[in-house]
Amino acid sequence: MIYLFLVFIFFLGASVGSFLNVLIYRFHQRKNIFGRSFCPHCQHQLYWFDLIPIFSFFILRGRCRHCRQKISWQYPLVEFITGILFSFSFLNLFSRFYLLDSTFYFLLFRDWIFISVMIFVFVYDLKYMLIEDAVVIPAMVAVFFLSLLAGQSLFTIIAGALMSWLFFWLQYYLTKKRGLGEGDLRLGILMGIMFGWPNVLVAIFISYIIGGFVSLVLIIVGKKKLFSEIPLGPFLALGSLITMFFGPMIIDFYFNLFL
């Protein structure tokens, strides 16, 4: 039975990933997010059998049926990764809660919302150097209330949000807005709400370690210069997703190693 659940959840996640691809394109183009899907090259409306997550990309051999322009690998990758992360989230909670426990569903929906937003932020900020408030702010509200409904401590949630905001605000202020943008500030608040205090520190630490390493590599290979702008959002998103699944293990490893 659990395998049937996982198959269903994977394809549910892949479908959400397909919708995230639509949001990424239409937000940037400032188009209506509703309505029939179409090819971004020839604007031809797509048939339903061209919209099957993951499979349609390979059936079409990565090209539009009508104009034969290449379809970006972003589309199947976002669908596949979203499906995998939705499945991992389900398994992670399934190992700790009963299916009949309402806490399980509150946490599951919260995690799926957070995963979706982090994937959106990763791709969108990487491509366009921007974090959309229209995505992050509603996610703050949803994650906050779902966390409360799941029995999370209000103090822990608020403390996490405030400390995360303070960390990013100080960086924003001290670098005179050059170190990060306002979108990063709000994304940091979302991270604080999701992880609470002090776990949000793990997410921030991992994000900056990954960001520093990738930036160093890009400078060494000549892709970026020392003071080039590099979007922070993808690193915050990646650090958050790592913390979401491996945060407790990282904390245990740290305390066992140094204390």
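Coordinate-derived values only; no laboratory data. Bear in mind that the values here come from a model prediction, so they are computed numbers and not experimental data. Glycine also receives a Cβ, built like all others from the backbone with ideal geometry; neighbour counts cover every protein chain displayed.
Worth a mention:
- Positive-end ranking of Gly35, Met244, Leu232 along the dipole of the chain, with charges on Cβ about the Cα centre, is headed by Gly35.
- Between Phe5, Gln45, Asn92, the Cα set farthest toward the positive side of the dipole of the stretch 1-96 (charges on each charged residue's Cβ, about the Cα centre) is that of Gln45.
- In the stretch 1-44, the trypsin sites (Lys or Arg not before Pro) that fall in loop regions by DSSP, at most 11 other Cβ within 10 Å: Arg30, Arg36
- Kirkwood radius for the stretch 1-96, taken over all pairs of different Cα atoms as the inverse mean of 1/r, rounds to 14.3 Å.
- Mean Kyte hydropathy of -0.5 or more with a Cα span along the axis of at least 27 Å, helices from DSSP in the chain: 2-29, 74-94, 102-128, 154-174, 199-220, 233-258
- With K and R counted +1 and D and E -1, the other residues having a Cβ less than 15 Å from that of Leu187 yield a net charge of -4.
- Net charge of Cβ neighbours under 12 Å - reference Ser89; Lys, Arg +1; Asp, Glu -1: +1
- Share of alpha-carbon pairs per 5 Å distance bin for the chain, given as whole %: 1, 6, 11, 16, 17, 16, 14, 10, 6, 3, 1, 0, 0
- Computed packing ranks the peptides 140-149, 37-46 as 140-149, 37-46, most packed first, by mean other Cβ atoms within 10 Å.
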